[in-house]
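First comes the structure, then the notes that go with it.
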Amino acid sequence: IGKSELIKRTAEKLGLALIKVNMQRYAAAGDSSAKNFLKDLAQSVRQLNGGGYILLIEEMDKVFEIDPTDGKIQNRPVMAVVKDLMNDGVATIQEDYGPIVVDIRGNLTYFTMNFSIDRFGFSADPRLTTIDDVITAWRRLNATPMSIKELLGSMFLPDTISRVMPRFTIMRPLTEKSYNA
């Protein structure tokens, strides 16, 4: 639906580098997922040699802290690092050879998430779910902050939701005309 493309074009317009991190790679329950996330992010930031950038953290829904299928809490060590970045703009993990520190302050950060069609009773068949159905669901979700909080509450712990809510926007779906263009 164009979330990443919008951020890519924003980076181009602003003349900023774009660092993309797909959270699907870091969804494991082991501590290595958090270390690998921060190592990979640190390497991407270092390669820019101090230049400004936009950090795009994609697929946040893949590191859900509450399993949307059964409601059980999941161990996601990487979320502690993500929360540090959201809170302070800095995250640190200790390695044997010293700390890995990433400081994203002063740069733009965006997170993307997808919500599965089963949450809204949609069908992947365009004859059964229309663009108007999707726009109606978007309006319903944006009607009150509680609607968004409930949706996020099906995937994330309350301390994550409290960090995300002030910054959270559900992108408006494309109109049929825009979609077909």
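The values are calculated or read from the model by the stated rules, or taken from the named source; none is laboratory data. Predicted model, so just to flag it, every value in this text is computed and none were measured. Cβ coordinates were reconstructed from backbone atoms using ideal geometry, including for glycine residues, and neighbour counts include every protein chain displayed. Just the protein is used for accessible areas: all its heavy atoms, side chains included, with ligands, DNA and RNA removed. Shrake-Rupley method; radii C 1.70, N 1.55, O 1.52, S 1.80 Å.
Each other residue within a Cβ distance under 14 Å of Asn142 adds +1 if Lys or Arg and -1 if Asp or Glu, for a net charge of +3. With Cα atoms defining each centre, segment 101-167 and segment 14-34 are spaced 19 Å apart in the structure.
P(r) tail for segment 56-125: Cα pairs beyond 16 Å make up 62% of the total. For segment 14-164, the Cβ-based charge dipole about the Cα centre amounts to some 260 debye (Lys, Arg positive; Asp, Glu negative; other atoms uncharged). Computed over all pairs of different Cα atoms, the Kirkwood value for the hydrodynamic radius of segment 1-104 is 14.7 Å. Under a 10 Å cutoff between Cα atoms, tell me which one of Leu141, Leu18, Leu152 has the largest fluctuation in the Gaussian network model of the chain. Checking each option, the largest mean-square fluctuation is seen for Leu141.
Given the chain, what percent of its DSSP beta bridges are antiparallel, to the nearest 5?
On the way: 7 of 17 bridges.
Here the antiparallel bridges make up roughly 40 percent for the chain.
Within segment 77-155, the trypsin sites (Lys or Arg not before Pro) that combine a DSSP coil assignment with at most 14 other C-beta atoms in a 10 angstrom radius are Arg105, Arg127. Sorting the Cα pairs of segment 86-150 by distance into bins of 10 Å, from 0 upward, gives 15, 29, 21, 19, 14, 2 percent per bin. The label-point distance for Thr69 and Ala143, in a model that sets each label 7 Å from Cα toward Cβ, rounds to 3.1 nm. With viscosity 1.002 mPa s and temperature 20 °C, the Kirkwood radius over alpha carbon pairs of segment 44-181 converts through Stokes-Einstein to a diffusion coefficient of 123 µm²/s.
Rolling a 1.4 angstrom probe over the protein heavy atoms, how many square angstrom per residue are accessible across the chain? Before the final figure, lay out the partial values.
Details: 10800 Å² over 181 residues.
Each residue of the chain exposes 60 Å² on average to a 1.4 Å probe.
Atom-type composition of the exposed protein surface of the chain places 52 percent of the accessible area on carbon and sulfur (1.4 angstrom probe).
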